[in-house]
1. For the subset of the range 113-136 comprising residues that are over 17 Å from residue 168 (Cα atoms) and surrounded by fewer than 19 Cβ atoms within 10 Å (Cβ to Cβ), which member is modelled with the lowest pLDDT?
2. Please enumerate the residues belonging to the range 66-90 that are at pLDDT 90 or above and farther than 22 Å from residue 164 by Cα.
3. Mind telling me which of the residues 225, 218 ends up being more than 18 Å from the chain's Cα centre (by Cα), at pLDDT 85 or above, crowded, with 19+ Cβ neighbours inside 10 Å and part of a helix (DSSP H, G or I)?
4. So how many residues does the range 64-84 have that are in a helix (DSSP H, G or I) and more than 14 Å from residue 132 (Cβ to Cβ)?
5. Please specify each residue of the range 186-201 satisfying the condition of being in contact (Cβ under 8 Å) with a residue 60 or more places away in the chain and either closer than 12 Å to residue 111 by Cα or part of a loop (DSSP other than H, G, I, E, B) (or both).
6. Take the range 269-279 and flag every residue that is within 9 Å of residue 312 (Cβ to Cβ) and touching a residue at least 60 places away in the same chain (Cβ under 8 Å).
7. Only one of these is surrounded by fewer than 20 Cβ atoms within 10 Å (Cβ to Cβ), touching a helix residue (DSSP H, G or I) at 6+ places or on another chain (Cβ under 7 Å) and over 30 Å from residue 112 (Cβ atoms): 159, 175, 151, 143. Name it.
């Protein structure tokens with residue numbers, strides 16, 4: 001979760017109505033402080049992101065190509081294909097963000113891109129938890145109301161919901177283009193100072209909903225799904241019916257949604273504590289900062305927040321690898337795509353037939 005495109009852009013106790021050169025100098029001093037006192041954290045963050053880009057680009061692209069294939073394009077597959085494309089788009093935008101903020105490359109101080117980057121960057125972030133909420137809700141309906149799943153859990157309905165969620169995210173983030181503007185004098189992408197309070201309120205509210213409320217809703221639904229699975233097993237035992245394991249689809253989607261919760265909630269908590277650990281005053285000598293308790297607390301918090309945020313980014317990277325571990329059919333289709341196993345298609349069909357004879361009254365018709 002990112003609360004702003006360019007962090008620490010205007011930290012200054014005496015903010016005026018217009019952008020001033022002195023405020024930019026304050027930012028430069030703060031950046032120097034981080035470079036001096038947190039060199040390992042900053043350098044490791046750069047290279048950790050490079051590793052995530054390598055695995056994330058390839059993984060999300062392969063996942064998208066696989067989920068849009070006919071055998072995999074059931075209702076859950078529609079959500080997962082959209083999620084893969086959204087995560088891939090986020091990682092591409094995050095590369096620009098990393099180049100600008102961590103590598104010192106002037107990648108975003110460009111007219112038009114300045115105003116549109118935050119819109120697209122936050123939209124891809126908001127879409128990810130919303131899509132996870134979407135397929136988690138569908139999975140709950142499929143397990144709680146199995147007879148209605150054939151009505152509500154269809155590819156056509158899933159595509160409609162995916163489009164709606166994408167436009168919802170874009171609508172919530174569209175106003176960000178008004179809050180940011182390119183200053184031709186400073187040649188910087190800056191926030192509108194006169195709209196700072198509105199920006200803070202809007203961004204804080206929407207991000208708390210997306211990265212705190214939505215994950216909590218997903219967690220509650222997961223608990224309900226697990227509860228329904230246990231009830232189904234008890235009923236099966238009481239009726240002395242053959243007990244089959246939970247479908248691969250349900251298991252896989254539970255893992256994906258739980259992983260999003262585990263990686264998103266700590267980031268939300270870290271950003272919620274942002275105002276509790278503000279930076280101290282800029283001293284005449286940077287060495288004096290080490291003796292300032294306010295700065296020491298802020299640097300400790302900033303280091304922890306950076307680590308937590310980088311861990312949180314993994315949910316944009318790891319879904320493909322979760323699919324590989326959780327689904328035999330997904331692994332077989334990956335091998336088919338990579339042309340590593342000629343007989344994998346026949347084995348996949350046999351496996352799919354065996355899955356379809358499972359207790360349909362207790363699980364979705366989306367089986368792997």
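The values are calculated or read from the model by the stated rules, or taken from the named source; none is laboratory data. Since the model is a prediction, treat every value here as computed from it, not as a measurement. FYI the Cβ positions are ideal-geometry reconstructions off the backbone, even for glycines, and counts take in every protein chain you see.
1. Going residue by residue through the range 113-136, those that are over 17 Å from residue 168 (Cα atoms) are 113-115, 117, 136.
Narrowing the set further to residues that are surrounded by fewer than 19 Cβ atoms within 10 Å (Cβ to Cβ) leaves 113, 115.
On the way: 113: 92, 115: 88.
By that ranking, first place goes to 115.
2. 66 - this is the single residue of the range 66-90 that is at pLDDT 90 or above and farther than 22 Å from residue 164 by Cα.
3. Numbers: 218 fails: more than 18 Å from the chain's Cα centre (by Cα).
Answer to the check: 225.
4. We begin by selecting, within the range 64-84, every residue in a helix (DSSP H, G or I); these are 64-67, 70-72, 75-84.
With more than 14 Å from residue 132 (Cβ to Cβ) added as a condition, the list becomes 64-67, 70-72, 75, 77.
Residues meeting the conditions: 9.
5. Going through the range 186-201, the residues in contact (Cβ under 8 Å) with a residue 60 or more places away in the chain turn out to be 186-191, 193-194, 196.
Across the range 186-201, the qualifying residues are 186, 187, 188, 189, 190.
6. First, the residues of the range 269-279 that are within 9 Å of residue 312 (Cβ to Cβ): 270.
Matches in the range 269-279: none.
7. Working: 175 fails: over 30 Å from residue 112 (Cβ atoms); 151 fails: touching a helix residue (DSSP H, G or I) at 6+ places or on another chain (Cβ under 7 Å); 143 fails: surrounded by fewer than 20 Cβ atoms within 10 Å (Cβ to Cβ).
Matching residue, one of 159, 175, 151, 143: 159.
Let's see how each residue does on (1) over 15 Å from the mean Cα position of the chain (by Cα); (2) closer than 14 Å to residue 162 by Cβ:
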| site | (1), (2) |
| --- | --- |
| 110 | yes, no |
| 120 | no, no |
| 126 | no, yes |
| 132 | no, yes |
| 138 | yes, yes |
| 148 | yes, no |
